[in-house]
1. For the stretch A:5-108, just run the numbers: alpha carbon Rg, then divide by 2.2 N^0.38 Å, N being how many residues it has.
2. Report the accessible surface area buried between chains A and B, summing both sides, using a 1.4 Å probe on protein heavy atoms only, in Å² rounded to the nearest 100.
3. Given H placed 1.01 Å from N in the peptide plane, which residues other than close sequence neighbours of residue B:42 have an amide H under 5 Å from its amide H?
4. Quick one: which of A:30/B:59; A:52/B:59; B:56/B:98; A:52/B:56 span more than 28 angstrom between C-alpha atoms?
5. Starting from the Cα of residue B:51, step 7 Å along the direction of its Cβ; do the same at residue A:9; then give the gap between the two resulting points in nm.
6. State to the nearest 20 debye the size of the charge dipole of the stretch A:36-105 about its Cα centre, where the only charges are +1 on K and R beta carbons and -1 on D and E beta carbons.
7. Comparing the chain by itself with all protein chains present, which residues of the stretch B:85-100 are at least 30 Å² less accessible (probe 1.4 Å)?
8. For the stretch A:56-68, just list the computed ³J(HN,Hα) in residue order, Karplus coefficients 6.51, -1.76 and 1.60, θ = phi - 60°, integers in Hz, with x standing in for Gly and Pro.
Amino acid sequence: DAGVTQSPTHLIKTRGQHVTLRCSPISGHKSVSWYQQVLGQGPQFIFQYYEKEERGRGNFPDRFSARQFPNYSSELNVNALLLGDSALYLCASGPPFQQRDGYTFGSGTRLTVV
Amino acid sequence: TQLLEQSPQFLSIQEGENLTVYCNSSSVFSSLQWYRQEPGEGPVLLVTVVTGGEVKKLKRLTFQFGDARKDSSLHITAAQPGDTGLYLCAGPPWGAQKLVFGQGTRLTINP
């Protein structure tokens with residue numbers, strides 16, 4: 001079975017531009033979460049979607065948005081990019097927290113804003 | 001404010017030595033997870049601890065969840081160079097629908 005698939009793997013954007021990152025969860029998983037990992041830090045929670053509905057949102061500005069499609073894949077959109085948005089963006093696939101199972105992460109998208 | 005504090009942040013030891021990494025919080029967690037992350041990859045789940053006081057063993061790795069569900073530890077016996085990596089603790093704060101991570105412990109095992 002394929003794991004969590006993220007695309008693209010690397011991306012370079014200019015300040016002020018817009019970016020769309022994509023994630024396909026493990027087959028059968030209905031939950032997708034997005035995290036931002038700045039160099040030298042642990043991942044920070046951005047969004048969680050379950051069954052196409054937003055179930056949680058972290059402390060990120062409205063420039064960050066996401067959605068989940070009927071096939072449970074997801075997109076993370078970031079508008080008006082800032083230099084500080086440079087980070088590894090991770091997608092996590094898994095059952096809801098209530099099942100107390102761990103999450104499976106993709107390899108991430110490395111975004112560099114110049 | 002860091003909800004989960006890991007210590008130490010960096011650790012470099014010789015092969016064969018033992019080590020312990022700590023993950024502490026002032027908040028209660030319904031469960032805590034430990035992940036290991038290699039450069040250029042996403043975190044990989046090692047274990048989930050659920051019950052206060054729980055101890056889980058994974059070969060040379062021993063994980064413990066504090067009785068009050070506010071802290072956890074990872075102990076590695078006879079460390080090997082293959083144990084090198086970034087170790088992250090994470091968990092959903094009680095009643096919250098999100099996963100919070102510690103800042104990580106970067107472990108280097110020298111041959």
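1. Numbers: Rg = 13.1 Å, N = 104, 2.2 N^0.38 = 12.8 Å.
Compared with the compact-globule rule of thumb, the stretch A:5-108 sits at 1.02.
2. Values: alone 6310 and 5920 Å², together 10580 Å².
The summed interface area works out to 1700 Å².
3. Long-range HN contacts for residue B:42: A:107.
4. Values: A:30/B:59 32 Å; A:52/B:59 39 Å; B:56/B:98 24 Å; A:52/B:56 35 Å.
From A:30/B:59; A:52/B:59; B:56/B:98; A:52/B:56, over 28 Å: A:30/B:59; A:52/B:59; A:52/B:56.
5. 4.3
6. Values: 6 positive and 7 negative charges, 13 e Å.
In debye, rounded to 20, the stretch A:36-105 gives about 60.
7. B:97, B:98, B:99
8. x, 9, x, 7, 10, x, 5, 5, 9, 9, 8, 7, 10
The values are calculated or read from the model by the stated rules, or taken from the named source; none is laboratory data. Keep in mind the model is a prediction, meaning the values are calculated, not measured. So basically every Cβ, Gly included, is an ideal-geometry build from the backbone, and we count neighbours across all protein chains shown. Accessible surface areas use protein heavy atoms only, side chains included; no ligands, DNA or RNA. Shrake-Rupley method; radii C 1.70, N 1.55, O 1.52, S 1.80 Å.
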